[in-house]
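Here is the structure we will look at, set down as C-alpha cells.
The values are calculated or read from the model by the stated rules, or taken from the named source; none is laboratory data. Values in this document were obtained by computation on a predicted structure and should not be read as measured data. Cβ: placed from backbone, ideal geometry, glycine included. Neighbour counts: every protein chain shown. Side chains included, ligands, DNA and RNA excluded: accessible areas come from the protein's heavy atoms. Shrake-Rupley method; radii C 1.70, N 1.55, O 1.52, S 1.80 Å.
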Amino acid sequence: MTTLTPEASGGTGSSPTADASDDSRTSGGVRDDGRTGRLRRELRAVHALVHRDLLRLAGQRTHTALMLLQPVLYLLVLGGGLAALIPSSRLGVGYQGYLFPGMLMMTVQTPAIMVGVRLITDRQSGYLRELLMAPVHRATLLLGSCAGGTVVATAQGAVLLALAGYVGLPYDPLLLVLLLAGMVLASFTITALAVALAVGLRRAETFHMLLGLVMMPLLFLSGGFFPLTAMPGWVRAVADANPLAYAVDLLRRCIALRVPEHAATGGIEWAGRQPPLLLEAALLAAVGAVALLWAARRFNRPE
C-alpha cells in the first residue's frame, strides 16, 4: 500500500487512493468488481477524507481556538453592550439570547467554507491529482470533503453550546440534540455552497474575494444580529432567498420548541406567517444537495 508524503497530504496520513485500492481486492487476492466492492471503495474514500479533516482539527488547536474566539467575543461584548439598548419586548427575548443562534451560525460558517479553500490549495499542491487516481467516482471525493467539513464545523459549534446557560438556556439534552441537528444541516449546506463556489476556481485569492462578496453579506442579512422585521423591505426579500436566514431561523425555532419563553420574533415569514419547521429543514437540505450535485457535475470535467 502506498502512502502520501506529509507534504502532499498535509501531514494527515494515507491517501484515499491507497485505501480504496487496497479495498478493491478480496482476501484471496481476487479483484472484487461487484456492487458491494464498489460501494465499499466509495465508503472507504469518504471515511479517509473525513479522517483527514479530523486529524487536521486535532493538530491545529490554536487555529481552532482563535476561530471560536470571534463568536464568543461577539456574544459577550456585542451582545452585552446592546442588551441594555434593545428592549426584550421588541425581540421576545433578551438580546444575548436572540444573538446566540446567530453566533452558532458564525461558528459553523468559518470551518465549513474552509473546505472550499482546501479544494483550491489541494489542486495547487498536487494532492487533488493524487485523489483523482483513486478508483472511486469524483462525486464521492466531493461528498467526502463535504462530510469532513460538516463534521468539523458541527464539532466547533458544539463547543459554543457550553455558553447556552450564559444566555439563559437550560442544558436540556433534547434541546442540545435539536441544536446539534440544526447545525449539522446548516454546516452541510454552507459546505456544499462553498465547494460549489470553489470547484471552478484555481486561485485561493479569488475564492476569498468571492466570499467577501457573497458569504459575509448573507450572514449579516440572515437575521442573526437583528430582526428581519426591523429591516427595509428589500432586505426581507433577500432573506427569503438566503439559506443562512433559514438556518438561523431553524435554530431559533428549535430553542422555542423546548423553551417557549425564549421564542424570538422577527424571523422568516411567508405572507405574514412562519413556514413549517420541517419545511425549513427540507429547504436547507435541498439547497445543499443541489449545490453538491452542481459541484459534482463541474468536478467531473477533465482537469
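Miscellaneous remarks
- Rough spin-label spacing in nm, given labels placed 7 Å along Cα→Cβ, for HIS137 and TRP234: 4.2
- Against the main long axis of the alpha-carbon atoms of the chain, helix 277-299 sits at an angle near 30°.
- For region 31-105, the mean projected area of the C-alpha convex hull, equal to one quarter of the hull surface, is 8.2 nm².
- Were the residues from ALA282 through LEU39 laid out at 0.36 nm apart, the gain over their Cα-Cα distance would be 84.8 nm.
- Environment charge of GLN124, counting only residues whose C-beta is closer than 10 Å and scoring Lys/Arg +1, Asp/Glu -1: +2
- Converting phi to 3J(HN,Hα) with the Karplus coefficients 6.51, -1.76 and 1.60 and the offset θ = phi - 60°, region 198-211 yields 8, 5, x, 9, 10, 10, 5, 4, 5, 5, 4, 5, 5, 4 Hz in sequence order, with x at every glycine or proline.
- P(r) for region 73-216, from all Cα pairs and a bin width of 5 Å, is 2, 10, 16, 17, 15, 13, 10, 7, 5, 3, 1, 0 %, short bins first.
- Over all projection directions, the Cα-based convex hull of region 249-298 averages an area of 4.3 nm².
- Toward the positive end of the charge dipole of the chain, with +1 on the Cβ of Lys and Arg and -1 on the Cβ of Asp and Glu, the farthest Cα among VAL214, LEU201, CYS254 is that of LEU201.
- What a 1.4 Å probe finds exposed on region 46-115 is 66% carbon and sulfur by accessible area, rounded to a whole percent.
- 16 Å reach of a label modelled at LEU78, 7 Å along Cα-to-Cβ, counting backbone N of region 86-114: 86, 95-111
- The ratio of the alpha-carbon radius of gyration of region 103-149 to the globular-protein estimate 2.2 N^0.38 Å is 1.30.
- Maximal additional length on extending the ALA162-ALA58 stretch stands at 35.5 nm, based on 0.36 nm per residue less the C-alpha distance.
- Protection proxy ranking for 268-280, 215-227, 177-189, using the average of other Cβ atoms within 10 Å per residue and placing the highest first: 177-189, 215-227, 268-280.
- Space enclosed by the convex hull of the alpha-carbon atoms of region 171-300, per residue, Å³: 121
- Whole-number accessible area per residue in Å² for the chain, which is evaluated in the context of all protein chains at 1.4 Å: 47
- Cα long-axis angle, helix 35-59 against the chain (0 to 90 degrees, to the nearest 10): 60
- Relative contact order (%) - region 147-258, alpha-carbon pairs under 8 angstrom, separation at least six: 29
- D by Stokes-Einstein for the chain, Kirkwood Rh over Cα pairs, 10 °C, 1.306 mPa s: 78 µm²/s.
- Only the Cβ atoms of Lys and Arg (+1) and of Asp and Glu (-1) were treated as charged; on that basis the dipole of the chain about its Cα centre amounts to roughly 460 debye.
- Coordinate range of the alpha-carbon atoms in region 153-227 per principal axis, descending: 45, 24, 16 Å.
- Share of alpha-carbon pairs per 5 Å distance bin for region 200-266, given as whole %: 4, 16, 21, 18, 14, 11, 7, 4, 2, 1
- Between helix 95-125 and the chain there is an angle of about 20 degrees, using the helix long axis and the longest principal axis of the Cα atoms.
- You can think of it this way: the chain between VAL290 and LEU66 has 77.4 nm of extra reach, that is 0.36 nm per residue less the Cα-Cα gap.
- Projecting the Cα atoms of ASN242, MET183, PHE225 onto the charge dipole of region 156-303, computed from C-beta unit charges around the Cα centre, puts ASN242 farthest toward the positive end.
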